[in-house]
Amino acid sequence: TLRRWTHVYGGFVGAEHRRDDRDIVAYETVLDGGAEGPVVTPAAPGYGSSTIDGFTIRNGNGILISTQRHGGGVYCAGFSPRIAYNKLIGNSNDGIYCSSSAPVIDSNTISGNSGRGVYSASASPVICNNIISGNSGGGIHFYSSPATIYGNRIYANAATYGGGVYCSYSSGLIHGNVIAANSAG
């Protein structure tokens with residue numbers, strides 16, 4: 001559970017004196033959901049600044065919303081953290097789910113999740129500099145969401161609609177991305 005005004009960083013061995021001394025590749029910090037629910041959820045809704053940075057977030061399972069599950073890796077409903085430098089891999093029901101929020105999703109690898117890499121419903125995320133690949137429900141899906149999407153590599157995702165990016169009743173800015181080799185039914 002991530003609380004408002006909390007900043008959590010992975011990649012430390014314990015001898016570092018500054019955050020810049022960490023090594024997120026050599027000292028992988030894993031948050032494993034054990035398929036019990038979302039791996040990262042807010043403690044309470046709110047727009048206080050929070051950060052989740054430098055983790056491998058895996059094996060999460062989404063929350064049931066109406067008739068579908070969402071947010072296996074990170075569930076952002078009414079909560080707007082900065083999600084950066086993480087690997088979101090092998091989660092069920094979306095890597096990241098955003099609703100009524102404005103998270104910054106920056107420099108992550110979002111790959112191999114069942115469901116969408118990022119799903120936004122009535123949210124305003126900024127999605128930049130990520131690798132979004134191999135997700136079985138598509139790369140990015142927006143429903144009623146103004147979003148800013150730039151500097152990403154979105155490839156090898158598959159979905160019924162919009163394998164790379166699917167915008168439904170949405171507006172926003174999509175520029176400077178590489179969107180390639182995605183498939184849709």
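The values are calculated or read from the model by the stated rules, or taken from the named source; none is laboratory data. Please read all numbers here as calculations on a predicted model, not as lab measurements. Every residue, glycine as well, gets a Cβ built from its backbone with ideal geometry; the counts of neighbours run over all protein chains shown. The accessibility values were calculated without ligands, DNA or RNA, using every heavy atom of the protein model including side chains. Shrake-Rupley method; radii C 1.70, N 1.55, O 1.52, S 1.80 Å.
Are there GluC sites (Glu not before Pro) in the range 14-74 that DSSP puts in a loop and that have at most 12 other Cβ atoms within 10 Å, and which ones?
Passing sites in the range 14-74 are 36.
Taking amide H positions as placed in the peptide plane 1.01 Å from N, state which residues far from residue 88 in sequence (5 or more) or on other chains have amide H under 5 Å from it.
57, 109, 110, 111
Would you mind telling me the share, in percent, of accessible area of the range 1-43 contributed by carbon and sulfur at probe 1.4 angstrom?
On the range 1-43, the fraction of accessible area on carbon and sulfur atoms equals 45 percent.
Please go through the range 7-89 and write out the trypsin sites (Lys or Arg not before Pro) that DSSP classes as loop and that have at most 11 other C-beta atoms within 10 Å.
Here the sparse-neighbourhood loop sites are 18.
Which residues does a label at residue 16 reach in the range 107-126, if reach means a backbone N under 19 Å from a point 7 Å past the Cα toward the Cβ?
Only 107-109 fall inside the zone, counting backbone N under 19 Å.
What is the range 128-185 by shape, rounded, prolate or oblate, if you read a ≥ b ≥ c off the alpha carbon gyration tensor as root eigenvalues and call it rounded for a/c under 1.5, prolate for a/b larger than b/c, and oblate otherwise?
In terms of gyration-tensor shape, oblate.
What's the carbon and sulfur percent of the range 53-101's accessible surface, probe 1.4 angstrom, rounded to a whole number?
45 percent
Find me the longest stretch of the chain that has none of the exposed chymotrypsin sites (Phe, Trp or Tyr not before Pro), where exposed means in a DSSP loop (not H, G, I, E or B) with at most 15 other Cβ atoms within 10 Å.
Answer - 48-160.
Would you mind checking which residues have amide H under 5 Å from residue 65's amide H? H placed 1.01 Å from N; only 5 or more apart, or other chain.
Distant-sequence amide H within range of residue 65: 70.
Sketch the reach of a paramagnetic label on residue 100 as a point 7 Å from Cα along Cα-to-Cβ, and name the residues of the range 66-85 whose backbone nitrogen lies under 14 Å away.
Residues passing the 14 Å test: 66, 76-80.
In the chain, what % of DSSP beta bridges are antiparallel (nearest 5)?
5 percent
Between the range 27-69 and the range 88-161, how many Å separate their Cα centres?
The range 27-69 and the range 88-161 have Cα centres spaced 14 Å from each other.
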